[in-house]
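Worksheet for the structure shown next.
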Amino acid sequence: MEFINIFIKAAFVENLVLAYFLGMCSYLAVSKTVKTAFGLGLAVIFVLGVTMPINWLINTFLLSESGVFGIDLTFLRFILFIAVIASMVQLVEMIVEKFSPSLYNALGIFLPLITVNCAILGGSLFMVSREYNFSDSLAFGLGGGFGWFLAIIAIAAIREKIKYSNVPAPLRGLGMAFILTGLMGLAFLSLTGIDPAALTAAK
Amino acid sequence: MADVAVKDKPKVQEREPLFGAKEKKLLVDPLNDNNPITVQVLGICSALAVTSLVAPSIVMSVAVIFVTGFSSLFTSLLRNYIPKSVRLIAQLIIIASLVTVVELALKYLNYPIYRQLSVYIGLIITNCIVMGRLEAFAMANKPWRAFVDGIGNGLGYGAILILIAIVREIFGKGTLLGFGLIGPSNEQASYLINTAAESGFGSLFAWYSNNNLMVLPAAAMFVIGILIWLQRSYNQKLIDIS
C-alpha cells in the first residue's frame, strides 16, 4: 500500500515539474509537439525508475557509514549519482536508436541531455534527504517519472493549440509557455494536502 | 581598456589585451541579448524554486557564478586532453567536484541557508547553463576567455534570479532581505491583520496585505513570463517568429 501512496504522491501532489521546477529545460524545449513529448516522457520514466533504486543501493551500501567500506563517503555522492545517471541515459539512447530511429532523430540532442535533466538527479537527492527505503525509492522514481510525463504531454497539447491563438508578439512561444506552466502549477496545487495514506486507511 | 593594457606591456604588444572588447562582449552579452534564462532557456530547473526570498537567491547566484567560471576554466585547460567520446562524463566530473566544494563550503559557512537551499545546491550539477557553456564555448576556446564567458553567463543567470526574487519577496512578504518594506510591520501584522499601521519604516503602504500567490512556486513562472514579455517588447529582435 505504501508503494501506491508514494507513487500517487510523487505523480500528482508533489509533481516534479509543477511543484519543484525540476526538468524545466527539456520540458520547455521539447514540448512543441505531443509526439516528441510522448517519447521523451517515456524515456524519463524509464531513466528515473531505474536510476533511483540503483542510487539507493549505492547510497546505502557504498557511501554510508554502515556500508561496505565502513567510512562516511557521502561527499562522493554527487559524482557517483551523476555517473550512474549518465550510463543509464547512454543505455536508453542505444535502445531508442535501435528500435525507433524516427523518435531518435526527433529527440536529437535532448536524449543525451536527459543526463542533465534536473528531475533525474533531483529525484535521487530527494530520495536521500527524505530517507526512503528501497521500494519507496522505486515508487518515487516511477511516480515522479509518470508525473513528469503527464506534465509534458499536457503542456505540449496546449502549445499545439495555442499556436493558432492571437498571443501578443513578444509573449509568443517561450513567454506563453512559462505563464501556462504557472497556471498548470496552480491547478496541481489544489491537490496539495491530499494524503493518499489517509485515503487508503479509511477503507 | 584595450589601450591601457597595451601601454602597460609594450613588449607583449602582439598579444591580445587581457580584457579587451571581446572579453567585454562575453561578459555583457549574457546579461541581455543572450541571457541564459530568458533567451537560451537554460538553467531554469534548479533556479526558480529558490527565488521566493532574496537572500537564498543571492547565495545561489554566487554559487552558480563560481561553478560556471571555474568549470569553464578547467575544461578549457583540459580540452586538448579529453577524448571526444568521454567528454560528457569528464565535464560532469569536473562540475560535480566543483559543486561538492561549494556544498561543503556553504554547509560550513551558513548552515541555515544550506538547509533552505537543500537539494538545489546539488542540482547546480545538472544546471544546463554550466554544461551548455562547456559544450558550446569552453571546449573550443582558450582558458582565460572561457573563464570570462563562464562568469558572464553566471552573472546573466544571477541577475534574473535576483530580479525575480526581489519582485516575489516584496509582493509576497512585504520585505526585502528580511527588512519590512511595505505593508504593516511585523509586530503590528501579528495582532492586527490587514489593519492600517500608523507610521514608520515597514508601514510605507500599510494598506497592503501580502499577496500569498507570490510565495507559491507558480508565481515564479508568471514573473519570468512577464519578464520575457518586457524584455522582448524592448528588444524586438528576440521575438519568436515560428
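Numerical summary
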quantity	calculated
Filter result for the condition that a residue is in contact with a Ser or Thr (Cβ under 8 Å, 6 or more places away or on another chain) and open to solvent by less than 30 Å² (accessible area, probe 1.4 Å), over A:180, A:174, A:113, A:103	A:174
Residue B:124 vs. criteria hydrophobic (A, V, I, L, M, F, W, C) and buried (at least 23 other Cβ atoms within 10 Å of the Cβ)	yes
Where residue A:86 falls short, out of the listed (1) under 24 Å from residue B:85 (Cα atoms); (2) open to solvent by 30 Å² or more (accessible area, probe 1.4 Å)	(2)
Only one of B:117, B:104, B:134 that is within 14 Å of another protein chain (Cβ to nearest Cβ), within 21 Å of residue A:111 (Cβ to Cβ) and in contact with a helix residue (DSSP H, G or I) (Cβ under 9 Å, 6 or more places away or on another chain)	B:134
Enumerated helices (runs of 4 or more DSSP H) restricted to the range A:23-131, each holding at least 1 residues that are within 12 Å of another protein chain (Cβ to nearest Cβ) and within 16 Å of residue A:147 (Cα to Cα)	A:24-29, A:118-129
All positions within the range B:78-117 that are open to solvent by 70 Å² or more (accessible area, probe 1.4 Å) and in contact with a Phe, Trp or Tyr (Cβ under 6 Å, 6 or more places away or on another chain)	B:107
Residue within the range A:168-179 that is of a type in the set (Lys, Arg) and assigned to a helix (DSSP H, G or I) present	no
Verdict on residue A:164 being without any contact (Cβ under 8 Å) to a residue 40 or more places away in the chain, within 14 Å of chain B (Cβ to nearest Cβ) and surrounded by fewer than 22 Cβ atoms within 10 Å (Cβ to Cβ)	yes
Contacts under 9 angstrom Cβ, first residue in the range B:130-159 being without any contact (Cβ under 8 Å) to a residue 60 or more places away in the chain, partner of a type in the set (A, V, I, L, M, F, W, C), 6 or more apart	B:131/A:113; B:131/A:116; B:131/B:42; B:131/B:88; B:131/B:92; B:131/B:95; B:131/B:125; B:135/B:88
Scope the range A:9-57; condition open to solvent by 50 Å² or more (accessible area, probe 1.4 Å) and among the β-branched types (Val, Ile, Thr); matching residues	A:33, A:54
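The values are calculated or read from the model by the stated rules, or taken from the named source; none is laboratory data. What you see is a predicted model, and the numbers here were worked out from it, not measured in a lab. Here the Cβ is made from the backbone with ideal geometry for all residues, glycine too, and neighbour counts use every protein chain on show. For the accessible areas, the whole protein counts, side chains as well, though only heavy atoms, and no ligand, DNA or RNA atoms are used. Shrake-Rupley method; radii C 1.70, N 1.55, O 1.52, S 1.80 Å.
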